[in-house]
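The structure appears below as structure tokens.
The values are calculated or read from the model by the stated rules, or taken from the named source; none is laboratory data. All of these numbers come straight from a predicted model, not from anything done at the bench. Every residue, glycine as well, gets a Cβ built from its backbone with ideal geometry; the counts of neighbours run over all protein chains shown. These accessible areas exclude ligands, DNA and RNA; they are computed on the full protein's heavy atoms, side chains included. Shrake-Rupley method; radii C 1.70, N 1.55, O 1.52, S 1.80 Å.
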Amino acid sequence: LDSIRFAPRLSDVRPLLSEIDLGIITSIRSEAVCRIALEYMAYSKPIISTDVNILPEVVHDGVNGWCVPVGDSHAIAAALREGIKNREVLAKRGKQGRKILEEHFTLERQTAQTIDLYKKVISRHA
């Protein structure tokens, strides 16, 4: 219990991200875009998340974190216990998250994919 702290609402989370060991996203409903997951990955932090909407595309279970069934508090607790007990797993998954971010979620890549999608839609309806 001494290693868990709840921070107040922050206008800029970046200073905090360098201090944490892992990020937790316990969304139970829509996550069309989950920016905090990408921010955790930018800081090489592993993530525990629920399997809501886009999160499984960002958080790869066993690779850059743990992706657990939505509403399963026991699975969240188990993932948290595993991460706390094994610092090497945290470091490895954090590095993998940064790698995934750099390979798949850059502004350039996201822009190119969006343009490609628009081109496909336009060509089908032209």
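Before moving on, here are some points about what is shown:
- Given a 1.4 Å probe and the protein chains as shown, LYS45 ends up with an accessible area of around 30 Å².
- In region 21-118, Cα pairs under 8 Å separated by at least six residues give a relative contact order of 28 percent.
- Value of [θ]222 nm, deg cm²/dmol, for the chain, DSSP H segments ≥ 4, -39500 (n - 2.57) each, nearest 500: -16000 deg cm²/dmol
- Sequence of SER44, SER27, SER11, SER73 when ordered by accessible area, the most exposed leading, probe 1.4 angstrom: SER11, SER73, SER44, SER27
- Surface exposure of the chain, expressed per residue as accessible area with a 1.4 Å probe, stands at 71 Å².
- Solvent accessible area, Å² - ILE76, 1.4 Å probe, full protein context: 40 Å²
- Computed accessible area, HIS104, all protein chains, 1.4 angstrom probe, square angstrom: 80 Å²
- Under a model in which nothing but the beta-carbon of Lys, Arg (+1) and Asp, Glu (-1) is charged, region 63-111 shows a dipole of about 240 debye around its Cα centre.
- Shape of region 65-121, Cα gyration tensor, a/c cut at 1.5: oblate
- Put a plus charge on the Cβ of each Lys and Arg, a minus charge on the Cβ of each Asp and Glu, and nothing anywhere else: the dipole of the chain about its Cα centre is then about 180 debye.
- Solvent-accessible surface of protein heavy atoms, probed at 1.4 angstrom with all chains present, puts ARG9, ARG29 in the order ARG9, ARG29, largest first.
- Per-residue accessible area (protein heavy atoms, 1.4 Å probe) orders ASP116, ASP2, ASP72 as ASP2, ASP116, ASP72, starting from the largest.
- Here the chain exposes an accessible surface that is 54 percent carbon and sulfur, computed with a 1.4 Å probe and the other protein chains kept in place.
- Residue of THR111, THR50, THR26 that the Gaussian network model of the chain assigns the largest fluctuation, springs spanning Cα pairs under 10 Å: THR111
- If you bin all the Cα-Cα distances of the chain at 10 Å, starting from zero, the percentages per bin are 12, 39, 33, 11, 5, 1, 0.
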